[in-house]
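Colleague: One structure follows; several queries about it will come next.
The values are calculated or read from the model by the stated rules, or taken from the named source; none is laboratory data. In this text the structure is predicted, and so the values were computed from the model without any measurement. Here the Cβ is made from the backbone with ideal geometry for all residues, glycine too, and neighbour counts use every protein chain on show.
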Amino acid sequence: MPARSNYTDKIRSHLRLDTTIESDVVREIRTHIEDKKHELIESGLSEKQAAAAVSRLMGSPELVARQIYEVYSQGSWLQAIFAALPHLLIAAFFALHWWQSNLWLLGILLGVVGAVLYGWFHGKPAWLFPWLGYCLLPVIAVGILLIYLPGGWAWLAASAYIPLALLIIFSVTKKITKKDWLFASLMLLPIPIMLGWILALWMLALQHQNGFLSHEQLYEFAPLIALSFAVLALTVATFIRVRQRWIKVGVLLTLEILVLVIMALSGKSSINPAGWLVLVLLSVILLLGPALLERKIKQADEKPLNLSQKSAR
């Protein structure tokens, strides 16, 4: 029993599937292992020999987990559409000039919060994480608005708020990374894109109206902003539909490059080279940072286990 439990635990740690699917899969594997073990015992093997034989027949937990992942990781078209929906809403928000009405903004915010709450308490399915990313944007937006405080109050407020905002984002990211670092990257995708457009608009406004953006300038940028979020929606839908993890990583990386190219070639962006460098670094950190965080979390979790095994010996 301990060997079987240890084997299936290793498979579970590499599966990274929805909670309900993962539980069903692990239950089936345990049943299969137990049935095969009983067959070998009835054929004349001892319980220890039977357990070792089953492990050899099943193969390494990592290989088994990868094969199972590729079978179950592909979401349905409905899940892909629902995952892409928040990005499509933001694209429509700019393309159809919904930003002129506070009711549209309030409706989108309520929709995002409702979807996040439903998904969070129903097994955290893959479609949840694009929605969850937009819950982090208000945290960032408040920090940006601090620059408009008079005098030295902006620096004082920023020094207090920015560490708190980073702590909130890191805590949420860490929790999602424990499930799958790709989901954390999926959640963080809108942040560099939104920050890039905010930076471009802000720098343009500084050149013309002392830091305040006019409706005409927002009208000018709106189609490009809508295009970038439409591309993001298509990318997320593709992410949900593909099976292999390396393709999922490639899809996310391609998106970041494509959106930055759209911003750079627009001919309207006033971001300077230093700003572009910050955006590129931020995109890389938010895309690949969760993978490094996942490794650190696993190393921290394995230390107590290794110590307990040494003490047992």
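Colleague: For the range 59-75, give me each residue that is touching a residue at least 60 places away in the same chain (Cβ under 8 Å) and closer than 21 Å to Leu128 by Cβ.
Modeller: Residues satisfying the conditions are Tyr69, Ser73, Gln74, Gly75.
Colleague: Another question, if that's okay. Please find, among Val71, Val112, the residue that is touching a helix residue (DSSP H, G or I) at 6+ places or on another chain (Cβ under 6 Å) and under 23 Å from Thr235 (Cα atoms).
Modeller: Answer to the selection: Val112.
Colleague: Of the conditions (1) surrounded by 20 or more Cβ atoms within 10 Å (Cβ to Cβ); (2) in contact with a Ser or Thr (Cβ under 8 Å, 6 or more places away or on another chain); (3) not small (Gly, Ala, Ser), Phe129 clears all except one; give me its number.
Modeller: For Phe129, the exception is condition (2).
Colleague: Pick from Leu105, Leu85: which is within 22 Å of the chain's Cα centre (by Cα) and under 27 Å from Val236 (Cα atoms)?
Modeller: Details: Leu105 fails: within 22 Å of the chain's Cα centre (by Cα).
Exactly one residue qualifies, and that residue is Leu85.
Rundown of residues vs (1) under 30 Å from Ala291 (Cα atoms); (2) in contact (Cβ under 8 Å) with a residue 24 or more places away in the chain; (3) touching a helix residue (DSSP H, G or I) at 6+ places or on another chain (Cβ under 7 Å), yes/no style:
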| residue | (1), (2), (3) |
| --- | --- |
| Ile21 | yes, yes, yes |
| Arg27 | yes, no, no |
| Thr31 | no, no, no |
| Leu40 | no, no, yes |
| Ala51 | no, yes, yes |
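Colleague: Please give the number of the condition Ile191 fails out of (1) under 16 Å from the mean Cα position of the chain (by Cα); (2) modelled with pLDDT under 75.
Modeller: (2) is the only condition that Ile191 fails.
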